[in-house]
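Below: one structure, written as structure tokens.
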Ligand SMILES: [Zn+2]
């Protein structure tokens, strides 16, 4: 458990407590999150979407990039390409 407080609603924050996901987002890395961490992170704030590559097969296996928990049925998030 991370003990990360939810951001107050109506007060959008650009940084998750800890900032590690922000660092990944800055680099445009693909991000894998477990369901708990997914609820604490708003991909839209970082220009991320749940990866369309995985539509219909939208789960991946891997460590959560936020808490490091190993597992299956993760969602993959990727940076939206700005053209
Ligand atoms: Zn997690």
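The values are calculated or read from the model by the stated rules, or taken from the named source; none is laboratory data. Everything numeric here is computed off the predicted structure, so don't read it as measured data. Reconstructed Cβ throughout: ideal geometry from the backbone, glycine too, with neighbour counts over all protein chains shown.
Residues that are within 12 Å of residue 35 (Cα to Cα) and at pLDDT 85 or above were ranked within region 71-83; the one that is surrounded by the fewest Cβ atoms within 10 Å (Cβ to Cβ) is 72.
Residues in region 30-53 that are surrounded by 15 or more Cβ atoms within 10 Å (Cβ to Cβ) and at pLDDT below 85: 51 only. Among the residues of region 10-24, is any surrounded by 11 or more Cβ atoms within 10 Å (Cβ to Cβ), at pLDDT 70 or above and touching a strand residue (DSSP E or B) at 6+ places or on another chain (Cβ under 6 Å)? There is at least one residue in region 10-24 that is surrounded by 11 or more Cβ atoms within 10 Å (Cβ to Cβ), at pLDDT 70 or above and touching a strand residue (DSSP E or B) at 6+ places or on another chain (Cβ under 6 Å).
Residue count for region 26-37 under the criterion of being in a helix (DSSP H, G or I) and either closer than 10 Å to residue 77 by Cα or more than 15 Å from the ligand (Cβ to nearest atom) (or both): the result is 2.
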